[in-house]
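Read the structure below first, then the notes.
The values are calculated or read from the model by the stated rules, or taken from the named source; none is laboratory data. Keep in mind the model is a prediction, meaning the values are calculated, not measured. Counting neighbours? That spans all protein chains shown, and the Cβs are built from the backbone with ideal geometry, glycine included. The area values use the complete protein model at the heavy-atom level, side chains included, leaving out ligands, DNA and RNA. Shrake-Rupley method; radii C 1.70, N 1.55, O 1.52, S 1.80 Å.
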Amino acid sequence: MNMTTKPIKRSESIVKLSREHHFSLLFGWKIRQGLKNNTDPQRIVPYAEYFWEHHLLPHFKEEEEILFIPASDPLILKAKKEHILIHQYIENLSSASDIPLKEQLQHLVEQLDKHIRFEERELFPHLEKILLPDQLILIGKKLKEASGPEEEDRFEDAFWNLKSSL
């Protein structure tokens with residue numbers, strides 16, 4: 001990371017979603033570490049499914065049902081399509097495929113990282129510009145009230161730790 005790059009200043013109303021993005025980036029890091037440590041990809045699939053159910057699905061729901069509602073434009077449509085694509089990647093992990101499981105997991109985390117970068121660098125700044133202050137305040141209140149994703153990772157198999165992968 002370039003040290004002269006300033007962190008993105010996020011509206012307080014949607015900063016919760018950016019924190020959840022950070023947690024999703026950590027999910028990708030854990031999968032990459034597991035693969036780097038030669039963890040059997042079959043051992044990683046339950047974690048991807050767990051993370052989908054407890055973190056990504058509730059996060060996508062928050063975005064789609066709270067943040068995206070006041071506006072409709074090509075950037076929101078792109079984000080929704082990427083949500084569907086990421087869900088398909090997760091579902092396909094349990095299906096027979098010609099693509100090796102390790103590659104499927106790599107594609108999943110690459111797509112998720114790309115999606116998070118898009119939302120943080122393009123979509124969120126765009127929404128912060130086009131939404132009225134009152135709309136952002138209401139979105140912030142709704143996000144606080146929403147159950148949202150779990151705030152910690154409770155998956156027990158720490159396959160990403162080198163000593164647990166042996």
Amide H neighbours of ASN161 under 5 Å, at least 5 residues apart or on other chains, H built in the peptide plane: list them. none
Tally up the carbon and sulfur contribution to the accessible surface of the chain as a whole percent, 1.4 Å probe, everything protein left in place. 55 percent
Once phi is turned into ³J(HN,Hα) by the Karplus curve 6.51 cos²θ - 1.76 cosθ + 1.60 with θ = phi - 60°, what whole-Hz value does each residue of the stretch 90-104 show in order, with x for glycine and proline? 5, 4, 5, 4, 8, 9, 5, 8, 6, 8, x, 4, 4, 5, 4
Using eta = 1.306 mPa s and T = 10 °C, Stokes-Einstein with Kirkwood Rh from Cα pairs puts D for the stretch 1-143, in µm² s⁻¹, at 98 µm²/s
Inter-part gap, Cα centre of the stretch 84-116 to Cα centre of the stretch 117-157, in whole angstrom, is 24 Å
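What is the mean projected area of the alpha carbon convex hull for the stretch 51-109, to one decimal in square nanometres? Each step should come with its number before you reach the end.
On the way: hull surface 18.0 nm².
Directional mean of the projected Cα hull area for the stretch 51-109 stands at 4.5 nm².
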Go ahead and run the numbers for FRET between LEU138 and LEU77, Cβ-Cβ distance against an R0 of 22 Å, rounding to 0.05. 0.50
Counted charge near LEU75, where neighbours are those whose Cβ lies closer than 14 Å (Asp, Glu -1; Lys, Arg +1): -2
Cα to Cα, under 25 Å, and not fewer than 8 places away if on the same chain: which lysines meet these conditions relative to LYS61? LYS9, LYS16, LYS30, LYS78, LYS80, LYS81, LYS114, LYS129, LYS141, LYS142, LYS144
With a 1.4 Å probe and all protein chains left in place, how much accessible area per residue does the stretch 26-123 have, in Å²? 50 Å²
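Exposed loop trypsin sites (Lys or Arg not before Pro) only (DSSP loop, at most 15 other Cβ atoms within 10 Å): please give the longest stretch of the chain free of them, not including the sites. Write down the numbers at each step before the final one.
Working: sites that count: LYS9, ARG154.
My reading of the result: 10-153 is the longest stretch.
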Treat each spin label as a single point 7 Å out from the Cα along the C-beta direction, and report the ARG117 to SER95 distance in nm. 2.7 nm
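Using Cα pairs closer than 8 Å and at least 6 residues apart in sequence, work out the relative contact order for the chain, in percent.
Details: 115 pairs, mean separation 77.6, N = 166.
Reported as a whole number, the value is 47 percent.
Please list, by residue number, every one of the GluC sites (Glu not before Pro) in the stretch 82-166 that is coil in DSSP and has at most 14 other beta-carbon atoms within 10 Å.
In loop regions of the stretch 82-166 (DSSP not H, G, I, E or B), the sparsely surrounded GluC sites (Glu not before Pro) are GLU150, GLU151, GLU152, GLU156.
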